[in-house]
1. If packing is taken as the mean number of other Cβ atoms within 10 Å per residue, what is the order of A:298-304, B:16-22, highest first?
2. Given points 7 Å out from each Cα along the Cα-Cβ axis, report the residue B:17 to residue A:212 separation in nanometres with one decimal.
3. Going 7 Å from the Cα of residue A:123 toward and past its Cβ, which residues in segment A:203-235 have a backbone nitrogen under 15 Å from where you end up?
4. Suppose each label sits 7 Å from its Cα in the direction of the beta carbon; what would the residue B:50-residue B:103 distance come out to in nanometres?
5. Rounded to the nearest 0.05, what FRET efficiency do residue A:398 and residue B:132 have when you use their Cβ-Cβ distance and R0 = 45 Å?
6. With a cut-off of 8 Å between alpha carbons and a minimum separation of six or more residues, what is the relative contact order of chain A in percent?
7. In degrees, nearest 10, range 0 to 90: what is the angle between the Cα axis of helix A:149-169 and the longest Cα principal axis of chain A?
8. With r as the distance between the Cβ atoms of residue B:76 and residue A:13 and R0 = 56 Å, compute the FRET efficiency 1/(1 + (r/R0)^6) and round to 0.05.
């Protein structure tokens, strides 16, 4: 045991005490947020948001019908289908030869109603070719190693591609919910960390292409694609309230008016520290969803097109989840309603989390034991062909652990 | 039950059955709130069929080769993927012509072994033309095997009444 619990316990107590001290401040902020939510004039806020585009430092949600609206679920269809995928991976280990990684995608096709059925599967793939490990810019000699966070992004793309494949097999004559875990926005690709050819590969040729293929799947009775985020920490809606609280008219310009003010001193800091979940929890009853909002992040605006990400919050009983979906679902109210009722039912069946995602995760997850067996399998395969498997001294020292 | 291997049918008595999660780290939870029947639980959760497994354990009590019954261990165990079948009443009747299998049951160390002895005899008696005579013969056989353990013998005999 190298973590000295006796030394950390006082720090843990300190954290708990701070949260207790902050509780009343948080209550005040929450009350202000709720008041602002119901008193904000939607049209003026919309106008101010438009006028302030590019000038506010917060990611403000695109407004739909309202801020504090809440909707009850519609009745479930008698027969329907739910398809979900999730993934897990073994990252490149630079201490182990040869360089390679594994992506394991778990999937589930569930059919509910008069002919209930279930198909579970997992599809592992080993990537070890040069073009698997490095992405090359066709226009220059730049390369980008696919590992770490970028491998996580590639995995999301593979999850969506597999979802598309499973939808081809799923019954086409039933209303269908296609679910992914986590966000449909590849946040990791926003900003300047990755060059355009990387974004091109994983967005245009990757996730967006896969989403487009799902859109084109022939589903006569409606197909709603969405991703499910448990315990979300987004603040898109809270940032609408910041804009509403901002006293500077008609344009909110953060750098110009508040650039020199300290954090906590700005007028909009009255709702600081709150998440969308905190405030909507007060409004949405169990089973209800919020209004639909649009994500206004630069990555979505610049790349997503028809797949423009929209979202609503859903009170599933145990928690408030965020459900994200593309513009082509948002355009059809009946699909939004289907998404609402089927996602909620999935959560009821899964004790608070969609049962389809839970089972897809179970098929995808790579346990510590499986990881060790994979390494062993790799070493045996090399040894069988008399290929030396030279590992790093650091790796050896961690594996052997001598005294 | 029996394995249907043709040249050698191994006979065994099921003594335990349990349904559990295929993944031992995932415990089944209570279900059925708001459902009308157990079938509804499965119909509304179609994944359960894929996640649960029922295991049976059976005690081998003999085998049949060339039509002849033997009441001791077969020359080899059942094949790994041998199919198993429930014995028909005629096969049970044929098998219980001899009560030699009782010594295997009474000396086995399985949990609730004595319950198994009486349950097995009750079931076998249903396949006999004269149920009462069969149970009397079985009781006599048991008294020979368990003569030195009167309490055990009584407990089994009391459970022979159907």
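1. Numbers: A:298-304: 16.7, B:16-22: 11.1.
Peptide ranking by packing, descending: A:298-304, B:16-22.
2. For the pair residue B:17/residue A:212, the computed spacing is 5.6 nm.
3. In segment A:203-235, the label zone of residue A:123 (backbone N under 15 Å from the point 7 Å along Cα→Cβ) covers A:207, A:210-211, A:213-214.
4. Result: 5.1 nm between the two label points.
5. Details: r = 73 Å, r/R0 = 1.62.
E(calc), rounded to 0.05, equals 0.05.
6. Working: 670 pairs, mean separation 95.7, N = 403.
About 24 percent, as a whole number.
7. Tilt relative to chain A: about 90 degrees.
8. Details: r = 66 Å, r/R0 = 1.17.
The calculated FRET efficiency here is 0.30.
Read the figures in this text as sums done on the coordinates, not as results from a lab. Since the structure is predicted, the reported quantities are computational estimates derived from the model, not experimental observations. Positions of Cβ are backbone-derived with ideal geometry, glycine not excepted, and every protein chain shown enters the neighbour counts.
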